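Shown next, in structure tokens, is the structure this report addresses.
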Amino acid sequence: MKANLVLLPGDGIGPEIVSEAQRVLEKVAELFGHEFSFSSQLIGGISIDKTGDPLPQETIDACKASDAILLGAVGGPKWDDPSAKTRPEAGLLKIRKELGLFANLRPIRLFDQLVDSSPLKRDIIEGTDILFFRELTGGIYFGESGRSGSGQDETAFQSMAYSVREVERIVRMAAKAAQQRDNRLTSVDKANVLEPSRLWRQTAARVMAEEFPDVQYDVVLVDAMAMHLINRPRDFDVVVTGNLFGDILTDEASMLPGSLGMLPSASLGSDGPGLYEPIHGSAPDIAGQELANPLATILAAAMLLRHSLSLLDEATAIENAVAAVLADGLRTKDIARGGKHIGTKEMGAAVVERLQK
Ligand code: NAD
Ligand code: IPM
Ligand code: MN
């Protein structure tokens, strides 16, 4: 198969982890007889520095013309000035919106080899397998915002809105995924306080009753969910939630597999290319030090092969190679828990070495 892939390395550790994932994809192409072409484009802080814009039109055009996109991360202290005209993160939000990527799939998969390096106890986390569907192009992230007044009265606001259409499409996608898994779906909201959450809950309940009566369905408030995730993570199969709640709950859930550096994600729309990225950020505290764990991005590349190119064996080959690396005791510092560790490039090379057809 021929595929045209866009790489968006971005800032901080972004370029380091994307180049390891690219090496893995190149090895997959060689082993399985595919032709992947790669084009690197600007996004984020580096793009602001070079063009003044965190998402130039050229990047949007290249992404729209591609088969799939692999992103590292954006942002960093250099671009954090609150009064700056634009920010790196605006580029990421815009590409999600431009491509209509309303569904962000964040699987929480535990590798057996890492169960004892999680900060949580083995008997609580063992057997956990959750698939989060985070709504990605609506909610408070895209609500009206602004400031008024001055001095002590200066006020800032950002509103949260969800439409029936937006809730229906993400709930449907999550429910269909549940049917392919353990047939259970949990919707997470804050319907005791927020009006958009009440619309979300009503809409989700109707879609589930009318279209998915076979799927076991329940609702949980987001604050309680934050606790249940740590206390009884095995009880959840597919979880669907809004943009902000999904952002926060999945960083929390990354402690189940043991590190933010292990979690990949796929952002999908109803058609067009998908965008794949680790759920973590640009980790400015460790950038350029060979400390970044590239496995989340490598696992995102596996999701890219599975969801955008339908290359299921190739995706599984990457996941097996990652498991083999971990079984051999190789760890980046974030998953080493004080033990011996290897660097970013060594980890990428170790995965490449273990890839098998
Ligand atoms: P972060 O996810 O970058 O880092 C949080 C902590 O996790 C840090 O201690 C970091 O060193 C560690 N970490 C993250 N990824 C790691 C990896 N692959 N290997 C080892 N350790 C890893 O979050 P932050 O520090 O709050 O944010 C830094 C910047 O990243 C901000 O500008 C933020 O806006 C941005 N950000 C971008 C994305 C994205 O591009 N998708 C996601 C989250 C945050
Ligand atoms: C993520 C990040 C982004 C988000 C930021 C950088 C815009 O935290 O991808 O999880 O909040 O969606
Ligand atoms: Mn996040």
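For the stretch 60-77, filtered to residues that are outside any strand (DSSP E or B) and away from ligand 1 (no atom under 16 Å from the Cβ), the residue that is nearest to Ser265 (Cα to Cα) is Asp67. The one condition from (1) within 13 Å of ligand 1 (Cβ to nearest atom); (2) under 23 Å from Val6 (Cβ atoms) that Ile335 does not meet is (2). The combined condition, being modelled with pLDDT of 95 or more and surrounded by fewer than 18 Cβ atoms within 10 Å (Cβ to Cβ), is not fulfilled by Ala204. For the stretch 322-342, a residue qualifies if it is among the hydrophobic types (A, V, I, L, M, F, W, C) and part of a loop (DSSP other than H, G, I, E, B), and the qualifying residues are Leu330, Ile342.
Filtering the stretch 236-257 to residues that are under 14 Å from Arg109 (Cα atoms) and either free of Cβ contacts under 8 Å to residues at least 60 places away in the same chain or in a helix (DSSP H, G or I) (or both) leaves Thr250, Asp251, Glu252, Ala253. When residues in the stretch 268-319 are screened for being within 16 Å of ligand 3 (Cβ to nearest atom), over 18 Å from Pro257 (Cβ atoms) and crowded, with 20+ Cβ neighbours inside 10 Å, 2 of them pass.
For the stretch 234-251, the tally of residues that are among the β-branched types (Val, Ile, Thr) and within 16 Å of ligand 1 (Cβ to nearest atom) stands at 2. Residues that are among the polar types (S, T, N, Q), under 21 Å from the mean Cα position of the chain (by Cα) and not in a loop (DSSP other than H, G, I, E, B) within the stretch 78-128 comprise just one, Asn104. Against the numbered list (1) over 24 Å from Glu16 (Cβ atoms); (2) among the hydroxyl-bearing types (Ser, Thr, Tyr); (3) outside the structural domain of Leu221 (by TED's automatic domain parsing), Tyr276 comes up short only at (1).
Okay, residues lined up against (1) surrounded by 20 or more Cβ atoms within 10 Å (Cβ to Cβ); (2) among the hydroxyl-bearing types (Ser, Thr, Tyr):
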| site | (1), (2) |
| --- | --- |
| Thr155 | no, yes |
| Gln158 | no, no |
| Ser163 | no, yes |
| Val167 | yes, no |
| Arg172 | no, no |
| Arg181 | no, no |
| Ala209 | no, no |
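Within the stretch 1-53, if we keep just the residues that are acidic (Asp, Glu) and not in a helix (DSSP H, G or I), the residue that is nearest to ligand 2 (Cβ to nearest atom) turns out to be Asp11. Inspect all residues belonging to the stretch 283-305 and state whether any of them is farther than 25 Å from Ile342 by Cα and touching a residue at least 24 places away in the same chain (Cβ under 8 Å). Yes, there is a match, as at least one residue in the stretch 283-305 is farther than 25 Å from Ile342 by Cα and touching a residue at least 24 places away in the same chain (Cβ under 8 Å). Restricting the stretch 286-305 to residues that are in a loop (DSSP other than H, G, I, E, B) and among the polar types (S, T, N, Q), the residue that is farthest from ligand 2 (Cβ to nearest atom) is Gln289. Assess whether Leu131 counts as being outside the structural domain of Val171 (by TED's automatic domain parsing) and either of a type outside the set (Phe, Trp, Tyr) or more than 16 Å from ligand 3 (Cβ to nearest atom) (or both). Against the criterion (outside the structural domain of Val171 (by TED's automatic domain parsing) and either of a type outside the set (Phe, Trp, Tyr) or more than 16 Å from ligand 3 (Cβ to nearest atom) (or both)), Leu131 does not qualify. Residues that are more than 16 Å from ligand 2 (Cβ to nearest atom) and modelled with pLDDT of 95 or more: does the stretch 272-285 have at least one? Yes - at least one qualifying residue is present in the stretch 272-285. Selection of first residues in the stretch 110-126 that are exposed (fewer than 15 other Cβ atoms within 10 Å of the Cβ) and of second residues that are among the acidic types (Asp, Glu), restricted to Cβ pairs under 7 Å at least 6 apart or on distinct chains, gives the following pairs, ordered by first then second residue: Arg122/Asp116.
For every residue, the table says whether it meets (1) in contact with a Ser or Thr (Cβ under 6 Å, 6 or more places away or on another chain); (2) on the phi < 0 side of the Ramachandran plot; (3) modelled with pLDDT under 95.
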| residue | (1), (2), (3) |
| --- | --- |
| Pro54 | yes, yes, no |
| Trp79 | no, yes, no |
| Gly100 | no, no, no |
| Asn104 | yes, yes, no |
| Gln113 | no, yes, yes |
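Exactly one residue out of Asp271, Asp223, Asp218 is out of contact with any Gly (no Cβ under 9 Å at 6 or more places or on another chain), outside any helix (DSSP H, G or I) and acidic (Asp, Glu): that is Asp218.
The values are calculated or read from the model by the stated rules, or taken from the named source; none is laboratory data. Everything quoted here is computed from the prediction, not taken from an experiment. All Cβ positions, glycine included, derive from the backbone under ideal geometry; neighbour counts span all protein chains shown.
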